[in-house]
């Protein structure tokens, strides 16, 4: 797919309709917006780049010559204020919001953005994950039905009844692709660049790290890296194991991010304050130290309860507040223990 051509065509088609839609939600020129207790702040990084913050979650706004691009857009509650804040930074409208992954604190506002004329753009796997998250109850029900049908089909064998059950099983399987989200979204399935008048943005995907698929954005001219949740600055990371996330993939992703950085790179994490390459290197050392500590205890035959009781593994980082974020120390160590079990399964 020629992503540059596709984006150019879309930019040409979208016009006054979404400008009018956004004007309804934009007010004065302050950089902080408030509505029903919601605060979305905006701070300049450099040139045409700002980072927006809401409850320790970050998004990035790039102010282009003709339109603004948002990297992530917060949850449903914060989205209206995020759009208002971005509108106060530039006279040009927000045209794209690009999701780094599927979690609701980054994508929950997609419906609102779409209704406001903004094009939602995400990787195809992220779209699938959003669908699965939104329709979790439907999927769980389908899994139960499929399991019951599979048992019935096995019992019925190759009889007419077995064929009938098999056909029903196939129809249930197809329901996954028949359902759609409540808003339209453009998807891509590989890496791509947006070459704009005053900036070139690289979008790169990594698999099985924070989730099954995460995207980061590197602003090449400005030397600014937006990591999404591939980096929780100063806090233990959340590895979404239900969506094929893994600590090994997470560390590998950080290596990839570091390879892009130099000492002048400004890093915008998915959560936490702005960071440098040195900060990200320290974060990687924390991950490796704690992972090896838990693995060592596991290989010595210790139970999860015994490993959790060994506070020396995380003591230094806990003292710095790493366990005071979304992921508490016990949850983080438990995840590392499960990862060790998968890597080094014990003989029964």
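Bear in mind that the values in this text are calculations on the coordinates, not laboratory data. None of these values were measured; they are calculated from a predicted model. Cβ sites come from the backbone with ideal geometry, for glycine too, and all protein chains shown count toward neighbours.
Here the label points at residue 41 and residue 92, each 7 Å from Cα along the C-beta direction, are separated by 2.7 nm in the simple model. Approximating the spin labels as points 7 Å out from Cα along Cα→Cβ, the residue 244-to-residue 344 distance works out to 2.7 nm.
Per-residue packing, averaged as other Cβ atoms within 10 Å, sorts the ranges 57-68, 239-250 into the order 57-68, 239-250, beginning with the highest.
Remark: the residue 181-residue 292 segment gains 35.9 nm on full extension, using 0.36 nm per residue and subtracting the alpha carbon distance. Would segment 194-254 count as rounded, prolate or oblate if I go by the C-alpha gyration tensor, calling it rounded below 1.5 in a/c and otherwise prolate when a/b exceeds b/c, oblate otherwise? The shape class here is prolate. Between residue 111 and residue 148, residue separation times 0.36 nm minus the direct Cα-Cα distance comes to 9.8 nm. The distance separating the Cα centre of segment 72-108 from that of segment 228-249 comes to 22 Å.
Site pair residue 330 and residue 255 shows an inter-label distance of 3.4 nm when each label is modelled 7 Å from Cα along Cα→Cβ. For segment 87-122, the residues whose backbone nitrogen is under 15 Å from a point 7 Å from the Cα of residue 65, taken along Cα to Cβ, are 92.
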